[in-house]
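None of the figures in this text is laboratory data; all of them are computed from the coordinates on show. Small disclaimer: the values here were computed from a predicted structure and weren't measured. Cβ placement follows ideal geometry from the backbone for every residue including glycine, while neighbour counts extend to all protein chains displayed.
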């Protein structure tokens, strides 16, 4: 995994903040990190995927920090435990987090290596009304033994509109906090197509 100098500087600058956080992050558990301006205030913010403690059967947590603007310190805004599937123990299963140009966060999970069913899921997370919500959901899959068995689904959670396997899908547009999101919610919409 490559970590940019900006991300590394942000992580190092978090030492004092993390030590004060209720659930301090062990740097060895950071799976992926990205910086961007999530709240569009002109300051750099941080989002991280953090692996669960050793021996836990939970999924990765999402930690999101916002620059407070006054002291230029990153302050923990959101922790969502047990949210993002994936691990670094096997190739093709590592989750990632990326900053999008529009200030949103893209969380990607995938299975590119195990079994015949391969898939990729992307959650677009946006800062709305002082919290982080799932704004978009994208899911693709294919069967390694049956090239005709594929799925492509992409929809806007806020509007409820999208496409699944080339056909329009519609659901009730809603604001779903990242902490309240479940992958089943996205799959339900995709299966309408």
Exercise. Rounded, prolate or oblate: which fits the range 68-117 when a ≥ b ≥ c are the square roots of the eigenvalues of the alpha-carbon gyration tensor, with rounded for a/c under 1.5 and prolate only if a/b beats b/c?
Worked result: prolate
Seminar exercise, completed: Candidates 35, 138, 151; GNM for the chain (alpha-carbon contacts under 10 Å) flags as most fluctuating 151
Seminar exercise, completed: Contact order relative to length for the range 115-193, counting C-alpha pairs under 8 Å separated by 6 or more residues, stands in percent at 24 percent
Exercise. Rounded if a/c is under 1.5, else prolate if a/b is larger than b/c, else oblate: which is the range 78-144, with a ≥ b ≥ c the root eigenvalues of its Cα gyration tensor?
Worked result: prolate
Problem set entry | Value at 222 nm in deg cm²/dmol, rounded to 500, when DSSP H runs of n ≥ 4 in the chain each add -39,500 (n - 2.57) | -3000 deg cm²/dmol
Problem set entry | Listed residues 149, 82, 111, most fluctuating in the chain (Gaussian network, C-alpha, under 10 Å) | 149
Exercise. Looking only at 112, 57, 26, which one moves most when the chain is put into a Gaussian network model with springs between Cα atoms under 10 Å?
Worked result: 57
Exercise. How far is the Cα center of the range 129-193 from the Cα center of the range 43-104, in Å?
Worked result: 21 Å
Exercise. Looking at the square roots a ≥ b ≥ c of the eigenvalues of the Cα gyration tensor of the range 149-189, which shape do they give, rounded for a/c under 1.5, prolate if a/b is larger than b/c, or oblate?
Worked result: oblate
Exercise. If one puts a single equal scatterer on every Cα of the chain and applies the Debye formula without solvent, what log₁₀ I(q)/I(0) results at q = 0.13, 0.16, 0.17 Å⁻¹?
Worked result: -0.72, -1.05, -1.16
Exercise. What number, in percent, do you get for the relative contact order of the chain if the mean sequence gap of Cα pairs under 8 Å and at least 6 apart is divided by its residue count?
Worked result: 12 percent
Exercise. Once the Cα gyration tensor of the range 115-193 is diagonalised, what are the square roots of 5 times its eigenvalues, in whole Å and ordered largest first, as equivalent ellipsoid semi-axes?
Worked result: 25, 14, 8
Seminar exercise, completed: Rounded to 0.05, the calculated FRET efficiency for the beta carbons of residue 71 and residue 24 at R₀ = 25 Å is 0.80
